[in-house]
Amino acid sequence: MKASSSPCHGSTPAAAGQPAPRIQPLFPLSTIGQQIYAVVASKTGAPISRGVRKRHRERVVTPTEAIQRLHQFVVKAWADSTLQERQNLWRRFHRWAADNGLPTDPNTATLFVMATQVEPQGMLGYARNLSAVFGHFGENARPLHSLMTVLRGSGGSIPLEQAIPVPRDVLMEWAFRQAPGVRAAVLIAWKTAARWGEVHTLSRASFPLLTDAGIVVDWNTLPKGRRRNPFCRSKVVEIRGPLTREISVLLRGMGNFRQLCTVTTDQLDELLKADEKMRRYSAHSVKRGAVDHLMAAKAGGAPFPAHLISRLAKHANEVDPTVSDMTIRYTTDSVALARVLQTGEVTMFL
């Protein structure tokens, strides 16, 4: 197999006596791709129990079909935007390695990241994405992990720019002037502190409970996301209180919809920029605004446990009984944060 061969969209097995179809690149097959290809395309392997055979009928496929299967698994593992970003980066890395006569392995990838000459934040993103690709193909990406540790120590985790959190009243005034689908998605994104990409693809099946008094959202119905841990604490969320009835009425009026809203994240950004009062905000401003609003509420004496903010926002690491590091990153009000963390309770004794 040539080094540039890799999985593709829509290829079909070659008919007898005809040449195999040209395979468009997903990730150029270096030694990593060849290893995973060998596993997927192999006609032999570990014995399958009789019970498993009954549930999964074994069928020997052609190498082209095996590559297509590999492509399908890769596509399902990542969201469309993530897949495109990692494909583009991998192709840049592959060209750079070829131009310099180097193998496409994690050691070379580490050199490539350092050769990009971008800010530490950008290099950390490149290292993280390349590490994910190597890891997906079963390759040890330890050199990239070591580089990521160094970059974090050099300020790589400090974002150069973040979305401005949108205040509740400003968002609501804009949302209630939008079409029903966009309005419902905005209200749900606010009430669940969710990203737009999670919300706009929800279907009617995503709402196992839909009443004026309460709504339950099941994120596991999304076409992408949470496959690695489908049983995490943020699997479902209950919506109660203000705006619940408005959301319920909108959703019931939409019937048995397959997708809540067709407006993508980029298109929402354009909608916001078209409004004079909203042009400084982006799609991610909704989630950041919701987190900020909750932090302020907790600082003002709201009777809910602080760690529920992290859980609602689907921020990982709930070991800390208060809030996670990611939630702190989303918070802009330092006074509210200090009160939520309750450090004043001990410093008063110093």
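Laid out as a table, the results:
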item	result
Förster radius 45 Å - calculated FRET efficiency between Arg279 and Ala115, Cβ distance, rounded to 0.05	0.75
Protein-only accessible surface order, largest first, of Arg258, Arg95, Arg183 at 1.4 Å	Arg258, Arg95, Arg183
Å² per residue, accessible surface of the range 147-209 at 1.4 Å	44
Cα-projected label distance for Glu85 with Ser157, points at 7 Å along beta-carbon direction, nm	1.8
For the range 147-194 and the range 240-271, distance of Cα centres in Å	16
Thr332, Thr108, ranked by accessible area, largest first (probe 1.4 Å)	Thr332, Thr108
Leu209 long-range amide H proximity, modeled H, under 5 Å	Val216
Solvent accessible area, Å² - Val166, 1.4 Å probe, full protein context	0
Separation of the Arg142 and Asn100 label points, Cα + 7 Å toward Cβ, nm	2.2
Accessible surface, 1.4 Å probe, highest first, among residues Glu173, Glu198	Glu173, Glu198
With every protein chain in place, the range 234-286: carbon and sulfur % of accessible area (1.4 Å)	46
Ala132-Val150 pseudo-label distance in nm [points 7 Å out on the Cα-to-Cβ vector]	2.3
In sequence order, calculated HN-Hα J values of the range 94-111 (Karplus, 6.51, -1.76, 1.60; Hz; x Gly/Pro)	4, 5, 4, 5, 5, 4, 9, x, 10, x, 8, 10, x, 5, 5, 4, 4, 5
For peptides 270-276, 111-117, sequence by mean Cβ density within 10 Å, most packed first	111-117, 270-276
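The values are calculated or read from the model by the stated rules, or taken from the named source; none is laboratory data. All values derive from a computational prediction rather than experimental measurement. Virtual Cβ from ideal backbone geometry, glycine too; neighbours counted across all protein chains shown. For the accessible areas, the whole protein counts, side chains as well, though only heavy atoms, and no ligand, DNA or RNA atoms are used. Shrake-Rupley method; radii C 1.70, N 1.55, O 1.52, S 1.80 Å.
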